[in-house]
1. Can you pull the one-decimal nm distance between simple spin-label points at Glu341 and Lys67, each 7 Å off the Cα toward Cβ?
2. Mind giving me the FRET efficiency for Arg39 and Ser59? R0 is 51 Å, r the Cβ-Cβ distance, nearest 0.05 is fine.
3. Calculate log10 I(q)/I(0) of segment 185-290 for q = 0.12, 0.18, 0.19, 0.24 Å⁻¹, where I(q) comes from the Debye formula with a single equal point scatterer on each Cα and nothing for solvent.
4. Quick one: which of 257-269, 82-94 comes out on top by average Cβ neighbours within 10 Å, and what's the full order, highest first?
5. Can you return the aspartates and glutamates within cross-link range of Lys350? Criterion is Cα-Cα under 18 Å, with same-chain partners fewer than 8 residues away left out.
6. Taking every DSSP beta bridge with both residues inside segment 58-104, roughly what % is antiparallel (nearest 5)?
7. Please list 131-139, 225-233 highest first by mean number of surrounding beta-carbon atoms within 10 Å per residue.
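What follows is calculated from the coordinates using simple rules that are stated; it is not laboratory data. All values derive from a computational prediction rather than experimental measurement. So basically every Cβ, Gly included, is an ideal-geometry build from the backbone, and we count neighbours across all protein chains shown.
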Amino acid sequence: MQPLCFSSSSRLLLLLLLRLSTSSSVSASVSKTITVDWRGRGDFMTVQSAVNSLPDGNSEWIRIHVKSGSYWEKVTIPSRKHYILLEGDGSSATDISFDAHADGGIDQILRRRNVSRNSPTFRSATFTVLADNFVARNIAFKNVGSNSPTFRSSTFTVLADNFVARHIAFKNAYNAVERRKADQAVAALVGGDKSAFYGCAFHGFQDTPCDFEGRHYFRRCLVTGAVDFVFGYGQSIYDGCVLASVMPPGPHPQPGWVTAHARDGETSPGGLVFRGGAVVGTTGGGRTYLGRAWNRFATVVFYRTRMGGAVVPQGWQAWNTGRDVSDVTFAEVGCVGPGSEMTGRVGWEKHLSEEEVKRFVDIKFIDDGWLSKQP
């Protein structure tokens with residue numbers, strides 16, 4: 001994968017993000033720490049073997065410390081492995097990477113809501129989380145692309161509740177540009193409830209993190225991609241995160257899309273809320289929409305976000321809604337930067353009331369007390 005080249009203002013935002021992401025404090029107690037080191041100087045040499053060693057039904061926080069290095073593996077945290085804190089040495093120092101992609105696109109999830117683990121989307125993910133209560137810190141997730149369907153393409157998969165990740169990168173480096181085919185290549189699939197990511201990075205091209213379902217919190221993270229690179233049915237807040245479009249330029253380039261969201265119905269929970277942070281593009285790169293509706297109940301809100309010139313004037317696309325966009329909630333509130341200019345925006349973008357804005361941007365949108373109980 002070619003190194004990314006950002007404008008000077010975008011580089012400043014990224015540097016600030018990385019600096020802030022390493023300063024988060026740990027308050028809750030951890031009952032045990034396991035070390036993963038590919039050099040053989042820890043308890044395990046792979047992340048998956050460390051996960052497999054944990055007892056099913058665990059109810060106490062266990063830290064898996066992943067030492068610096070690039071770990072070439074697919075990782076799955078099954079639904080029975082709760083209360084895991086995955087911590088790296090920095091999202092530019094520790095990454096979990098894999099090379100996988102899937103044919104078929106994300107519409108299959110829309111057609112079949114209860115996706116099996118044999119579906120292309122799940123198989124394509126490098127990292128998948130379906131367990132509740134997960135935290136990730138200081139790590140990167142990357143999927144680098146093979147001929148497997150989508151579940152297998154995910155680099156990291158979390159199916160359990162209560163998961164935390166800090167200071168690590170998740171990468172899917174499937175090179176859609178070289179192969180001239182933008183297939184799904186999921187870096188991280190998050191399907192458990194009460195998962196949080198602090199100072200992490202997610203690298204990919206299409207469908208980078210699958211915010212599949214459940215309540216999730218992302219703080220000072222970096223997400224790179226080009227096509228629907230934040231997608232799913234999740235109910236999540238992205239706090240101070242940088243969303244970097246890597247859509248390549250061309251004589252008649254198709255703009256990309258930052259988000260693709262859906263909900264099961266009008267009263268179903270869900271929504272992607274971006275508080276602060278930035279939407280940026282690479283130097284000389286292509287342009288991007290803020291999002292497109294995966295179904296007629298899609299909900300995406302940008303709040304006080306800095307938007308670079310890569311954002312197209314229309315802002316949004318209806319996509320899978322047909323002609324009825326009345327139930328779609330796409331909104332921007334208090335955003336700044338050249339890409340935030342509202343002239344040219346689609347006429348059906350929502351103008352939220354003060355009460356509606358508060359409901360979305362308040363941490364209570366996702367949190368009923370579980371964030372304060374994390375390590």
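1. Output for this residue pair reads 5.3 nm.
2. 0.95
3. Relative scattering, expressed as log10 I(q)/I(0), comes to -0.37, -0.80, -0.88, -1.31.
4. Answer by packing, highest mean first, reads 82-94, 257-269.
5. Glu266, Asp324, Asp327, Glu332, Glu341
6. For segment 58-104, the DSSP antiparallel bridge percentage is about 0.
7. Ranked by mean Cβ neighbours within 10 Å, highest first: 131-139, 225-233.
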